[in-house]
Amino acid sequence: MTSDQLADLIARMAARLSAERNRLNRLDAAIGDGDHGSSISGAFALAVQKIDKLEEPSLHAIWLATAMALLNGMGGASGAIFGTFFLKGAARLKGVERINQAEMAALLEAGLAGVQARGKAQVGDKTIVDALVPAVAAFTAAEDFPAAWRAAAGAAANGAESTRDMQARQGRAKYLGERAIGHADPGASSIALIFAAAATPFNLSDESEAGNVVTPQ
Ligand code: ADP
Ligand code: MG
């Protein structure tokens, strides 16, 4: 994957989150304070702006700009958690012009470890970790980039769906106790959308996109 492809990837994530902003706000209104869609889509829009303005849009600069946009543009505890996912592995990209799937897997694993160190959530706590853990595992286990994004997207979607039956042990929703049961976690749903957006060019069932596949190297 080159820096152009990474910039395109972040832009696809931003577009998807923006399109689903209201749905994410509604999920958060059910078990939190109703701002999640606005804050994450706003922060990703800021990331795209920052990336567009980079003088030297290297892999490192793009990944770091995304981290900083989430840390600063999202605010609060969740901004720190989403930002950490990008910030944690960023240094691995210094001076690197292209990354393969194994290197991207290592980057995602570093991000996940950072999220868990920062937020202390485990699988089952009804947070982004429920989508990230299976997504990163599926990405790492896959053979190549297209398969990795597709597998991660499927795993993240299942992980996000699994939060519906959970009671929250982290974040605002934990104060709801059993009343959080029956609602999918908004953060985990965002992670599912982020991976779905990443996988879009590789979903060969979608004829309209299939013609545009450019396999990252
Ligand atoms: P806020 O709760 O500050 O309003 P958001 O609404 O933007 O922030 O994000 C809420 C999401 O943050 C939750 O749905 C959950 O997925 C995630 N989250 C909250 N606390 C944690 C944590 N400790 N670890 C991982 N993710 C968390
Ligand atoms: Mg919220």
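The values are calculated or read from the model by the stated rules, or taken from the named source; none is laboratory data. Please read these numbers as outputs of a predicted model, since none were measured by experiment. When we count neighbours, we look across all protein chains shown, and the Cβ atoms used for this are built from the backbone with ideal geometry, even at glycine. Surface areas here come from the heavy atoms of the whole protein model, side chains and all, with no ligands, DNA or RNA. Shrake-Rupley method; radii C 1.70, N 1.55, O 1.52, S 1.80 Å.
Worth pointing out:
- Per-residue Karplus couplings for the stretch 89-96, computed as 6.51 cos²θ - 1.76 cosθ + 1.60 with θ equal to phi - 60°, are listed in order as x, 3, 4, 4, 8, 4, x, 9 Hz, Gly and Pro entered as x.
- Using Cβ point charges alone (K and R +1, D and E -1), the dipole size of the stretch 1-154 about the Cα centre works out to roughly 280 debye.
- A dipole drawn for the chain from +1 and -1 charges on Cβ atoms has a positive end, and of Leu59, Gly177, Asn158 the residue lying farthest that way is Gly177.
- Helix-only [θ]222 nm of the chain, DSSP H runs n ≥ 4, -39500 (n - 2.57) each, per residue, nearest 500: -21000 deg cm²/dmol
- When you restrict to C-alpha pairs under 8 Å that are six or more residues apart and normalise by the size of the stretch 25-78, the relative contact order lands at 35 percent.
- Å² per residue, accessible surface of the chain at 1.4 Å: 45
- Note on the chain: with neighbouring protein chains present and a 1.4 Å probe, carbon and sulfur make up 50 percent of its accessible heavy-atom surface.
- Candidate cross-link partners of Lys126 among the lysines, defined by an alpha-carbon separation under 21 Å and a same-chain spacing of 8 or more, comprise Lys174.
- Student exercise, the stretch 1-91 dipole from Lys, Arg, Asp, Glu Cβ charges, in Debye to nearest 20: 200
- Mean separation of Cα pairs under 8 Å and 6 or more residues apart, divided by the residue count, gives the chain a relative contact order of 21 percent.
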